[in-house]
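The values are calculated or read from the model by the stated rules, or taken from the named source; none is laboratory data. Because the structure is a prediction, the values reported are computed rather than measured. Every residue, glycine as well, gets a Cβ built from its backbone with ideal geometry; the counts of neighbours run over all protein chains shown.
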Amino acid sequence: MGISLTRAAQWTMVSSSTAKLASTPMNESLLKEILHFVEHFSSQHPQEAEHVFEEPLQWSTTLVPSDFKTDYDISDSDVQSHERDSEGHPLLQLSPPTVYVRSFSQLSKLLHLADDKKLAEVRACLEGKFESNLHPKQSNHQHSSITHRLNVFVLLVTVYSHPIMPPLLFQDMDKQILDKLLKDISEQVRLNPKAVKNEVEILQMFCGGGDKGLLKSLRYTSDFQFSNGYRAPLWRQVQGDICYLVIEPCDTETLYITCSTAGSFLNGGEENGYERTSDAYEDLVTLLKSRSPHFADKINQVENSANHFFSISVNQHNAKHLKYKAVASMKQLQHDGDQIVTVDTLCAMMDFNLMQESCQMAIQDTGGLKVLLNLLDTDEHKCKIGSLKILRTISHNSQIRRVIVDMKGVQSIVKILDSPVKELKALAAETIANVAKFRRARRNVRLYGGINKLVSLLDCLPNFASLTPSQEEDIEVACCGALALWSCSRSTKNKKAIRKAGGIPLLGRLLKSPLQKMLIPVVGTLQECASEESYRNDIQTLGMIKDLVRNLSSDNDELQMHCASAIFKCAEDKQTRDLVRKYKGLQPLVSLLHKADNKQLLAAATGAIWKCSISQENVTKFQEYKALEILVNLLTDQPEEVLVNVVGALGEFAQIPANKAAIREFGGIKPLVKLLTSPNQALLVNVTKAVGACATNKDNMVIIDQLDGIRLVWSLLKTPSADVQSSAAWALCACIENAEDAGETARSLIGGFQLIVKLLSSTNNEVLASICAAICKIAKDEENLAILTDFGVVPSLAKLTNTTHDRLRHHLADAIAQCCMWGSNRASFGEAGAVAPLVRNLKSKEGSVQRSTAMALYQLSRNPNNCITMHEKEVVQPLIHMMGSDDEELQEAAAGCVRSIRLLYMLLDPLQNASY
Amino acid sequence: MSKISAVNKRATQTLAENISKQVEHFSKKEVECLIREFNVLVAEQNNSGRAVHGLDRGKFISTLHSIFGLTDDRMTGRVFRTFDKDNDSVVSMKEWIEGLSVFLRGTLDEKIKYCFTVYDLNGDNAISREEMLHMLKGRLIRQPNEEDPDEGIKDLVEIILKKMDYDHDGKLSFEDFEKTVKDENLLLEAFGTCLPDFRRIEMFERHVFQEQFEQ
């Protein structure tokens, strides 16, 4: 009730003299409230209901004389109540269409008679024209919107102000309504042009800047400002309108907003005469919060972060109060009093809500930060403790952190790490953990030698069974040290410094701790550092995998996440993968997949599963725990960090033939193909790999084909990323090889062949190799080969023959062999100079290169000119050697090639035959 | 001579054994050392022929000053009164050892009790506003452009009282004090330094226990 009345009824202007209640839900409920109030008034307060209003309420009613029953004098044209006041005037009089009512009991009766038209009557009553001379004060000034509400107020205010009416009456049921209404009147003048202007200016500071801004834009509809600060046209100012705004939020359509003395609300835009179309809000921020989720989100961040602009204006009173207190305390300290006073003051300061931003800013603004940092350089350890206790809390504020670093605070704090007092060491480390959240701070910690000192804090006895109080303190210190190192380890140079300071074995020792508060920062640091290969090696060789696996089954999500994340990073290495299996880490990883609500945890767990599944033995284990089905179910509605890993894992799982079918049975093909349209490159690399792996199953390929998968994969060749290009090309190979009518499909892709040939000029060997492989598959279809030839595939391939990259040599030779099958391509290859380099490639140590090259040469040798070139390049010797190979195909290719050459020379010069 | 010292030694040992049974935190051997130290201190003071059975106020306070680094007169006087449990104006051997047990190795609870006794100037089991004011007065250094620095102290007393006075009776009861200090250990010595610094403790223990063991 309060809220609805705060902004009272919402009015629509029809003409300047009458007003209509807008038909909004809020008005409806307001009407019902009033109706309920009036209806029950006479039964609940019979005595008061009899009192006669000084002025009658009057309105146009829909009731006709025939509606009135007994208790009324009914004539043709009017109705008068039997009830009369002391002077003989009837308390109710109807002279259609106007009705005059002079007491609550009559009003109540009338509403009773109106029956189903009750609500309409209340509405008409409120809208009714009121003789404004009763309250000249309220009706003659610019806040004319109030006049439209006068009937509402009069209804209540008349009653309220009547001398006989005890105000107490309203306490039980309607005091609240009255208070609110009266307050409302007084609040009417609260919104003024200046307040609006301030708010607009503040908001404009946060406009633009893409997603980072609060809003896209905010402008007035009119640049002209009247001398009174209003911008609305004069005739609208009379209604209380101050100005109109056009606001473009980042996430919804443009908003047209009226700021009026009654509050801010949406309007229908200029063409609709600025009619109100929403509830009114007390300020723009509240209105925008309700309309734009993006804005609401950002404004909360702004309020929580460094920009105290808002929070102070929002929470001015509180901030001032605290500020005063902080100033008072700070003055005490600046008096340079002795240790006792300083410590007392610091303790008093700890009683402020130091996590509150206004308080943090107050400490900074009053120069308190400087005092606190100065205290760190004194000899009094109690002062230092007190100061650090405050610093560690206020350093949660990013702005304070920066100021601390600017004031060389890191230097002082790092120095304290050498203190013999354990409590001080712990506090200093904890403060560093908070401050080192940004790069410059972390750099400072390193430059002042903090990393070495922090590492030495980790050196505590891990005899966790029974502890002396002193050992417990050591553990606390080590915990804080680990926290600080965790923050610091986000910088690569710090990672190296930690390693150099001998931090890894110490972390490894702490990893055996049973304490979660110890384990979280320790594992956090390790997983952060595991991005470095040296750490990964150490983690494995120092036997930490076992402890990481053990903590996967902890009951703490954060710890589990860091462990999984560390395994994710380390399991690139085969030995690590085997160790994870050995220590039975695979099952806990799978069970982490059930915590689908914690996306960070899910991302870490799926990542670990992905990397572990690179080992086939692990995949077999994973299958026992039904990981595949869960993974397939994670293909939809997950954030990209999770998807990348899930798809990566599926790609590895699908290396086992049985799993390809399983993925289909669990319904995984469709979401996989759908992901081919993702814009995320890391995801695309994995998706193409997974699709390629699945495509080698004929049944899968049918589905992929139906979903237009070949086209999707093919079009990924257009992405600029080389990783995606090559991964897509490999997938394409599998698709073309296994699809029905692949040739037909390929031809239907406009521009597809040009794209392939164009990619042969890539500089990335992996891309080239994959494209060659794809060409080899595409060219199996004769018609496609013809098209490829037209696009100049032969010279492009020939150009690549000089490469020394074995993988490329292998697929290149395959492609050349395949392309020889068309027209005069054999001759063209010879003319393009492809033969001589191929002969050289034959000497590669790589078996697959030898074999493919021999086959390519065999194809090329069907052209006499090529044979001559081969012979000149002394191909025969290696070929003869290859004829003795175990590989039958290689034997055959080599022999075929030699035969071609021999035949040619027999034909050319029978005399030379003797030499063969 | 050696005979007397041997007798003395035996007497000291018996005494030490007795005391170490009654006093916390010290072994018999350590008590022995403390007795010896006590005797040295007593011998040092100007006894002018009187029979002495303990450390007088002057010697005790100068000991606090030189050995334990406690220099605040308001506090050292109170520390003497707290050590001197039987109020006979001398700290006896037993009082010395009992006091040092808290001084050097007291638990937090013992120290809270000790500090409260020191701060409760009139012994009415409460620290009043006036007592606080008395103890904190003059601790702010006068700034040239400021008025009475003790105005600041008055503010501080109000802030402290607001923080510590849980039962809102305008003074600190032992319970108030205990609760506050357990919340924030730094407030143990909220009204003046009456316990030695950890460095002094280390020094004293090294001097008394180790060096004498070595002898």
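Summary of computed values
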{"quantity": "Residues satisfying the stated conditions in region A:375-390, i.e. within 14 Å of chain B (Cβ to nearest Cβ) and either part of a helix (DSSP H, G or I) or at pLDDT 90 or above (or both)", "calculated": "A:Leu375, A:His381, A:Lys382, A:Cys383, A:Lys384, A:Ile385, A:Gly386, A:Ser387, A:Leu388, A:Lys389, A:Ile390"}
{"quantity": "Selection within region A:318-357 - at pLDDT 75 or above and away from chain B (no Cβ under 14 Å)", "calculated": "A:Met355, A:Gln356, A:Glu357"}
{"quantity": "All helices (runs of 4 or more DSSP H) inside region A:664-767 with 3 or more residues being touching a residue at least 24 places away in the same chain (Cβ under 8 Å) and in contact with a Ser or Thr (Cβ under 7 Å, 6 or more places away or on another chain)", "calculated": "A:681-695, A:709-715, A:722-738"}
{"quantity": "Qualifying residue in region A:183-195 (condition: modelled with pLDDT under 75 and under 20 Å from A:Thr277 (Cβ atoms))", "calculated": "yes"}
{"quantity": "Residue pairs meeting the criteria (Cβ under 9 Å; at least 6 apart or on separate chains; first charged (D, E, K, R), in region A:594-606; second not in a loop (DSSP other than H, G, I, E, B))", "calculated": "A:Lys595/A:Asp557; A:Lys595/A:Gln560; A:Lys595/A:Leu601; A:Lys595/A:Leu602; A:Lys595/A:Ala605; A:Lys599/A:Glu641; A:Lys599/A:Val642"}
{"quantity": "Matching residues in region A:391-424 - criterion: being part of a helix (DSSP H, G or I) and either of a type in the set (A, V, I, L, M, F, W, C) or modelled with pLDDT of 95 or more (or both)", "calculated": "A:Leu391, A:Ile394, A:Ile400, A:Val403, A:Ile404, A:Val405, A:Val410, A:Ile413, A:Val414, A:Ile416, A:Leu424"}
{"quantity": "Tally of residues being part of a loop (DSSP other than H, G, I, E, B) and either crowded, with 16+ Cβ neighbours inside 10 Å or touching a Pro at 6+ places or on another chain (Cβ under 9 Å) (or both) across region B:26-51", "calculated": "2"}
{"quantity": "Single unsatisfied condition, B:Asp176 versus (1) in a loop (DSSP other than H, G, I, E, B); (2) touching a helix residue (DSSP H, G or I) at 6+ places or on another chain (Cβ under 9 Å); (3) not aromatic (Phe, Trp, Tyr)", "calculated": "(1)"}
{"quantity": "Test result for A:Ser591, in contact with a helix residue (DSSP H, G or I) (Cβ under 9 Å, 6 or more places away or on another chain), part of a helix (DSSP H, G or I) and small (Gly, Ala, Ser)", "calculated": "yes"}
{"quantity": "Residues of region B:55-75 classified as in contact (Cβ under 8 Å) with a residue 60 or more places away in the chain and assigned to a helix (DSSP H, G or I), total", "calculated": "4"}
{"quantity": "Residue in region A:797-814 that is farthest from A:Leu890 (Cα to Cα), counting only those that are part of a helix (DSSP H, G or I) and over 45 Å from the mean Cα position of the chain (by Cα)", "calculated": "A:Lys799"}
{"quantity": "Any hit, region B:95-107, residues being within 13 Å of chain A (Cβ to nearest Cβ), part of a helix (DSSP H, G or I) and under 30 Å from B:Val40 (Cα atoms)", "calculated": "yes"}
